[in-house]
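Student: First the structure, which I've put down as structure tokens, then a few questions once you've had a look.
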Amino acid sequence: MTAPLSPSAGRVALVGAGPGDAELITLKGARLLGQADAVVYDNLVGQGILELARPDAERVFVGKKAGHHTLPQEDICRLLVNLARAGKFVVRLKGGDPFVFGRGGEEIEALQAAGIPVEIVPGVTAALGAAAAFGFPLTHRDHAQSCVFVTGHLKDHSVELDWPALARPGQTLVIYMGVTGLDIISARLQAAGLPGGTPAALVYRATWPNQKIHRGTLATLPAVARDNQVKPPTLIVIGSVVGLMREPAAGAA
Ligand code: SAH
């Protein structure tokens, strides 16, 4: 199954682009981007980051275009394998961190199965970008001893999570891809014992020029989302740390 490597064989670096702000990519990520023959990227990669690539580098967009779906994951994997087999150094650029809800694991498996060397460069995940952009800590000795990153979007569009574990006191919840499931998330967390008055926020496009935060409580958040027509990419942050946010914050609504 594993293809023999020739001296001219290509390779792939899976690079985290960070949450949006081009200055939040790592030095290593920026350096590899500047060396790449081909860059494969999607929607969540911030403005200005692609400018770090060589002008002659091939750029392949694999994200969602208006009215169209994202390229299926297996097609992306095949594309990476084919570019590398053509002898190219490929940077696969992903929003945030490649290994935090980024499907980086699936891409690595495909590349390894094809015998292609892969390197991983971490990135600042959206939760960290949101906390920094709006000035609330994710952990705090008096508020949260743990912080949980969880996906609100499951394969069959249901939201089946360990609600009692998520409703525990003294922790911050950061829910990725949760906007469409927000009604269920709010109701289930309250049913599992998390007080409806727990501070909560919706953070849209943290660290982008058009970033916005909408604050409320666990109970009011679904109405806040509707009233403000909140769309992805948005994080749901739940926990008393949200109440520590500095005021006024840029983009706060
Ligand atoms: N690998 C990425 C996450 C990809 S999943 C990371 O580490 O950040 C996509 C989800 O991430 C979005 O639906 C949204 O919930 C969240 N997200 C990504 N970038 C964001 C940003 N700048 N602001 C708010 N949420 C963001």
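The values are calculated or read from the model by the stated rules, or taken from the named source; none is laboratory data. A quick note: this is a predicted structure, and the numbers were derived from the prediction, not measured. For neighbour counting, all protein chains shown are included, and Cβ atoms are generated from backbone atoms with ideal geometry for every residue, glycine included. Ligands, DNA and RNA are stripped out before the accessible areas are found, and what is left, the full protein with its side chains, is counted by its heavy atoms. Shrake-Rupley method; radii C 1.70, N 1.55, O 1.52, S 1.80 Å.
Student: Collect the residues in the range 185-204 that are more than 16 Å from Val224 (Cβ to Cβ) and either among the hydrophobic types (A, V, I, L, M, F, W, C) or within 11 Å of the ligand (Cβ to nearest atom) (or both), keeping them in residue-number order.
Tutor: Ala191, Ala192, Leu194
Student: Right, next: I'd like the full set of residues that are closer than 17 Å to Leu71 by Cα and either within 11 Å of the ligand (Cβ to nearest atom) or basic (Lys, Arg) (or both), limited to the range 99-112.
Tutor: Phe101, Gly102, Arg103, Gly104
Student: Check Gly87, Gly115 and return the single one that is touching a Pro at 6+ places or on another chain (Cβ under 8 Å) and more than 13 Å from the ligand (Cβ to nearest atom).
Tutor: The match here is Gly115.
Student: Going through the range 180-202 one residue at a time, which ones are open to solvent by less than 30 Å² (accessible area, probe 1.4 Å) and closer than 17 Å to His153 by Cα?
Tutor: Hits for the range 180-202 are Gly181, Leu182, Ile185, Ser186, Leu189, Leu202.
Student: Taking the range 16-42 on its own, how many of its residues are in a helix (DSSP H, G or I), open to solvent by less than 30 Å² (accessible area, probe 1.4 Å) and within 15 Å of the ligand (Cβ to nearest atom)?
Tutor: Count: 1.
Student: Still on this structure, please answer the following. Does any residue of the range 203-215 turn out to be at pLDDT below 95, in a loop (DSSP other than H, G, I, E, B) and open to solvent by 20 Å² or more (accessible area, probe 1.4 Å)?
Tutor: No, that holds for no residue.
Student: A further question on this structure: Please work out which residue is modelled with the highest pLDDT, limiting yourself to the range 225-248 and to residues that are more than 22 Å from the chain's Cα centre (by Cα) and open to solvent by less than 50 Å² (accessible area, probe 1.4 Å).
Tutor: Checked the range 225-248; the qualifying residue modelled with the highest pLDDT is Ser240.
Student: OK, next. For the range 124-135, state whether one or more residues are assigned to a loop (DSSP other than H, G, I, E, B), of a type in the set (Phe, Trp, Tyr) and either more than 29 Å from Arg215 (Cβ to Cβ) or within 15 Å of the ligand (Cβ to nearest atom) (or both).
Tutor: Scanning the range 124-135, I find no residue that is assigned to a loop (DSSP other than H, G, I, E, B), of a type in the set (Phe, Trp, Tyr) and either more than 29 Å from Arg215 (Cβ to Cβ) or within 15 Å of the ligand (Cβ to nearest atom) (or both), so the answer is no.
Quick grid of which residues meet (1) touching a residue at least 40 places away in the same chain (Cβ under 8 Å); (2) under 28 Å from Ala130 (Cβ atoms); (3) in a loop (DSSP other than H, G, I, E, B):
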{"position": "Leu44", "(1), (2), (3)": "yes, yes, yes"}
{"position": "Gln47", "(1), (2), (3)": "yes, yes, yes"}
{"position": "Thr70", "(1), (2), (3)": "no, yes, yes"}
{"position": "Leu79", "(1), (2), (3)": "no, no, no"}
{"position": "Phe101", "(1), (2), (3)": "yes, yes, yes"}
{"position": "Leu111", "(1), (2), (3)": "yes, no, no"}
